[in-house]
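Enquirer: Questions regarding the structure given below will be posed in turn.
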Amino acid sequence: MPTRTSPASSTLPSRAAPRTASARRARTSPWCPRGRASGGVARVRAAVEEACGRSLEPAGEDARGPNRTDHVGIYRQKDGRSFVGVVVPGGRVTGAQLAEVARLADTYGSGEVRFTTEQNLIIPNISDPGLRELTQEPLLKELPYNPPEILRGFVVCTGIDFCDLALIDTKARALPMTRALAARLADRKEPLRMHWSGCPAGCGNHQLADIGFEGTKVRVNDKVVEAVDVWVGGRSGPEPRPGQRIMENVPLSDLPEVLEYLARFFPKQRVARARTQ
Ligand code: SF4
């Protein structure tokens, strides 16, 4: 049996202490779910009022609703035209793909393209005659408007290519693993949000996903390897709830098995997704 030691017992940073200055700041920040704001909006408001030295009047309306939409698919606009939302797997698009998206927007839409917070793309203002042709375009095989559910709810942070804080190469590791899982669970119809962050800063919002992954390092047989902590049960919306960390220091080599188990048995989505297709 290989021997595995946790970072706390090796020369790696202890899990008890955040690994970077920014992570340490985040944990004591009123904006961090694990910091002073763990009570949510009320705690943030209290912190802001404390900083301002006075109470603040509420403003605006809470626009969060019970339904969630990711804009992936074909949706009717109020003006009778449609928009097509496509998934960018792993949130990384090439220059050639973007040029082709621009051509499709010019050809079938009004030349506009929009980006979503879930790393996907929208081509709006498409009239009915062009809709069928657009969905037959080869690019929409690479950036699908009707992806498997596993790929649809997949978000991954920038990772090591462009971020010095990354502990794992999120983009390179997560996408092949998620594609393989999507192929194995092709018949899954229930939404599943899986988010990856390469470090505790959590830019991938892993604490708000059904299944979240936080990058870390672990020592296995005296070798430092990429690993993740696994979180489950997070959600945003009108009743937000941070996920719970259920596993620590899972080497990425062991993760596909863990991932499939979690995805197969994860409870069916409690929040309905608004679809108007
Ligand atoms: S979560 Fe990802 S993008 Fe954010 S700081 Fe960590 S490695 Fe960088």
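No value in this document is a laboratory result; all are computed from the given coordinates. Every value quoted in this text rests on a predicted model; they were computed, and no experiment measured them.
Enquirer: Taking every DSSP beta bridge that has both residues in the range 151-265, what percent is antiparallel when rounded to the nearest 5?
Expert: 70
Enquirer: Using the alpha carbon gyration tensor of the range 151-265, what are the three equivalent-ellipsoid semi-axes (square root of 5 times each eigenvalue), largest first, in whole Å?
Expert: Output for the range 151-265: semi-axes of 21, 17, 13 Å.
Enquirer: Over the alpha-carbon set of the range 89-231, work out the extent along each principal axis and list the three values in angstrom, largest first.
Expert: Between the extreme Cα coordinates on each principal axis of the range 89-231 lie 61, 34, 24 Å.
Enquirer: Please work out the ratio of the alpha-carbon Rg of the range 73-146 to 2.2 N^0.38 Å and round it to two decimals.
Expert: So the Cα radius of gyration is 0.99 times the expected 2.2 N^0.38 Å.
Enquirer: Please turn the phi angles of the range 238-247 into ³J(HN,Hα) values with the Karplus equation 6.51 cos²θ - 1.76 cosθ + 1.60 (θ = phi - 60°), one per residue in order, whole Hz, x for glycine and proline.
Expert: x, 10, x, 8, x, x, 10, 7, 10, 9
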